[in-house]
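The values are calculated or read from the model by the stated rules, or taken from the named source; none is laboratory data. Source: prediction; values computed, not measured. Here the Cβ is made from the backbone with ideal geometry for all residues, glycine too, and neighbour counts use every protein chain on show. For the accessible areas, the whole protein counts, side chains as well, though only heavy atoms, and no ligand, DNA or RNA atoms are used. Shrake-Rupley method; radii C 1.70, N 1.55, O 1.52, S 1.80 Å.
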Amino acid sequence: MKMRLNKFLAECGVASRRAADAMIAAGNVAVGGRRAALGEMVDAQASVVTVNGRRIRPQTDVDQLTLVLNKPAGIITTMSDEHGRKTVAQFLPHHRRLFPVGRLDADTTGVLLCTTDGTLARILTHPSSGVPKRYDVVARGNMSAPTIAALGAIEHVKLPDGSHRFAVILREGKNRQVRRMCAQAGLRVLALTRTQFGPVRLGKLKIGSTRSLSDEEVRELNRLRAEHA
């Protein structure tokens, strides 16, 4: 099966597509013994792909690992950062090449899936999949009925200090979308937590901790994979 080299490397758990492109551009990747080119197509089963001399092979479903991280505030959603900022890598096992599925901005906490499974990551983040993501928000401002309607806010509660707690569910998230929606409505976000990503819920997972998927979450994710295969 032919696919782009960066996609192949991502689905093998080597790195995200963006990071894979950087590795290709740096000359760290070879196909059939020659230096690989950006955008190159490879055969997932037949091509001999190496990274720094080590052959990369497609992973089987048995090999895949997906963890749930409750991302703390102040942490960058990437595995490395050229500016030396703290990243999610410090919370993940070092013996596996996991990468985060989608992004949370540095100040947002909550559910972050980290996986070796590039196919699963693609399905969960592609707009056509319509995977719901729930965000719990605490914000200050005028939470009028039109504002609630514009945000699609649910479970709205006015707190004793005058701020508001509510939830927003998105099926196609863009960078900082909840924060931008709130800003356009004249609200100042005080706290933002993603409490659900598809079938995966935050539950009582402590900030900075990880856990494995439950059997039910695995079944639901496999159902998603089958639907979008």
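Per the listing 118, 141, 186, the residue uniquely under 19 Å from the mean Cα position of the chain (by Cα) and in contact (Cβ under 8 Å) with a residue 40 or more places away in the chain is 118. Among strands (runs of 3 or more DSSP E) entirely within the range 2-49, having at least 1 residues that are open to solvent by 60 Å² or more (accessible area, probe 1.4 Å) and touching a residue at least 40 places away in the same chain (Cβ under 8 Å) singles out 2-4. Restricted to the range 200-229, and to residues there that are part of a helix (DSSP H, G or I) and in contact with a helix residue (DSSP H, G or I) (Cβ under 7 Å, 6 or more places away or on another chain), the residue that is surrounded by the fewest Cβ atoms within 10 Å (Cβ to Cβ) is 225.
Going by the structure shown, is residue 111 surrounded by 21 or more Cβ atoms within 10 Å (Cβ to Cβ), touching a residue at least 40 places away in the same chain (Cβ under 8 Å), more than 14 Å from the chain's Cα centre (by Cα) and part of a strand (DSSP E or B)?
Against the criterion (surrounded by 21 or more Cβ atoms within 10 Å (Cβ to Cβ), touching a residue at least 40 places away in the same chain (Cβ under 8 Å), more than 14 Å from the chain's Cα centre (by Cα) and part of a strand (DSSP E or B)), residue 111 does not qualify.
Being under 21 Å from residue 94 (Cα atoms), out of contact with any helix residue (DSSP H, G or I) (no Cβ under 7 Å at 6 or more places or on another chain) and either among the hydrophobic types (A, V, I, L, M, F, W, C) or modelled with pLDDT of 95 or more (or both) is a property that residue 62 has. Quick check: anything in the range 74-89 part of a strand (DSSP E or B), touching a strand residue (DSSP E or B) at 6+ places or on another chain (Cβ under 8 Å) and open to solvent by 20 Å² or more (accessible area, probe 1.4 Å)? Yes; the residues of the range 74-89 include at least one that is part of a strand (DSSP E or B), touching a strand residue (DSSP E or B) at 6+ places or on another chain (Cβ under 8 Å) and open to solvent by 20 Å² or more (accessible area, probe 1.4 Å).
Condition check for residue 172 on (1) in contact with a helix residue (DSSP H, G or I) (Cβ under 7 Å, 6 or more places away or on another chain); (2) over 26 Å from residue 127 (Cα atoms); (3) open to solvent by 80 Å² or more (accessible area, probe 1.4 Å); (4) not hydrophobic (A, V, I, L, M, F, W, C): one failure, at (2). Residues that are assigned to a helix (DSSP H, G or I) and open to solvent by 80 Å² or more (accessible area, probe 1.4 Å) were ranked within the range 175-199; the one that is nearest to residue 128 (Cα to Cα) is 180. Against the conditions (1) touching a residue at least 60 places away in the same chain (Cβ under 8 Å); (2) within 24 Å of residue 137 (Cβ to Cβ); (3) surrounded by fewer than 16 Cβ atoms within 10 Å (Cβ to Cβ), residue 96 satisfies every one except (2). Residues in the range 120-131: is at least one modelled with pLDDT of 95 or more, in a loop (DSSP other than H, G, I, E, B) and buried (at least 17 other Cβ atoms within 10 Å of the Cβ)? Scanning the range 120-131, I find no residue that is modelled with pLDDT of 95 or more, in a loop (DSSP other than H, G, I, E, B) and buried (at least 17 other Cβ atoms within 10 Å of the Cβ), so the answer is no.
Counting only residues that are part of a helix (DSSP H, G or I) and surrounded by 11 or more Cβ atoms within 10 Å (Cβ to Cβ), the range 140-169 holds 4 of them. For first residues located in the range 158-175 and among the hydrophobic types (A, V, I, L, M, F, W, C), partners that are open to solvent by less than 30 Å² (accessible area, probe 1.4 Å) and part of a strand (DSSP E or B) and lie 6+ apart or on another chain with Cβ distances below 6 Å form the pairs 166/137; 168/135; 170/133.
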